[in-house]
Amino acid sequence: TLKNGPQSVEATGAFELDKLGVHPGDMIEYYFEAADNYPAGPNVTFSRPFKLQIISQEQYETVLRQAAARKALFESYFKIDAWMRRLAERSRNAAAQAERGDPAARAEAEELAKQLAKYDEALAKLLQDPAMFDVDNSFRATLGAEQSKLGELSEKLKTALGGSGGTPDAKQLKELSEALTALAGTQDEQVEQAAQQIASVVTVVSRAD
C-alpha cells in the first residue's frame, strides 16, 4: 500500500500459528526483506532479525497474574503501613489523655484494642497470601517479626485498661505508645519506602514486558 507517495509503502501480514503446528518452547526466527525496481538496482534491504517464542497456556496465565500483581503492586503493603501509622498515632493520643487524667482516654484505648486485633488479623492474612515477587520475602520478614510483638502489646494494653472502668494506666500506655511508634518507624523504613521506590519503576518494567 502506497503511503504518502511512492517513496513509502506499507505491508501487513500474520503468522497462522495453528497451521504451523508449533508447540510451547518453539522459537520462530524471522526478518523482513524489501526490494524496489529502480533501474540502477534492484535495491534490497533487510531488517534486523526477530524472535517469537511460543509459550504454554500456563505460562500465559502466569504472565497475566504477574501483570495484575504489578498493576496493584504493593497496594496491600501501603494499606497495612498506613494502618500501623494510625495505630501509633491513636496510642500516643491515648497515652497523652491518660497522663492528663482525661476520662476520654479509656474510650480511646478501648478503640485502640479493637483496631489492634483487626490489624493483627489483616496482617496474618497478608502473610499467608502467596508471594508474587522476590522482594515480598524481605517485606514479610519485617512484618512477621512485627506480628510476633503484637501479642505482647495487646496484653500490655489489656493490663493498662484493667477492669475497673477508670482511666487507663498512663505509664503502661506510654510504653505501648513508644513500642508502636518504633514498629511503625521500622515498617516505614523497611517496607513502605522500599516499596515506593520499587513501584516507581513498575511502569517501565510493564512496558518492557
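Brief remarks on what is shown
- Packing-based ranking of 156-163, 56-63, 12-19 yields 156-163, 56-63, 12-19, ordered from highest to lowest mean Cβ neighbour count within 10 Å.
- Hydrophobic long helices, here whole DSSP H runs in the chain with Kyte-Doolittle means of at least -1.0 and Cα atoms spread over 24 Å or more along the helix axis, are found at 104-128, 135-161, 170-187.
- Extending 7 Å from Cα along the Cβ direction at residue 85 and again at residue 132 yields two label points whose distance is 2.2 nm.
- The lysine pair count for the chain, using Cα distances under 24 Å and pairs eight or more places apart or on different chains, is 27.
- Per atom type, the chain shows carbon and sulfur on 52% of its accessible surface, probed at 1.4 Å.
- Mean accessible surface per residue for the chain, computed with a 1.4 Å probe while every protein chain stays in place, in Å²: 67 Å²
- Rounded to the nearest 20, the size of the Cβ-charge dipole of the chain about its Cα centre is 500 debye, with Lys and Arg at +1 and Asp and Glu at -1.
- Extreme residue, positive dipole direction of the chain, given options 66, 130, 94 (C-beta unit charges): 94
The values are calculated or read from the model by the stated rules, or taken from the named source; none is laboratory data. These numbers were taken from a predicted model, which means no experiment stands behind them. A quick note on method: Cβ atoms are made from the backbone with ideal geometry, for glycine too, and the neighbour counts reach across all protein chains shown. Side chains are part of the model used for accessible areas, which takes the heavy atoms of the whole protein and leaves out ligands, DNA and RNA. Shrake-Rupley method; radii C 1.70, N 1.55, O 1.52, S 1.80 Å.
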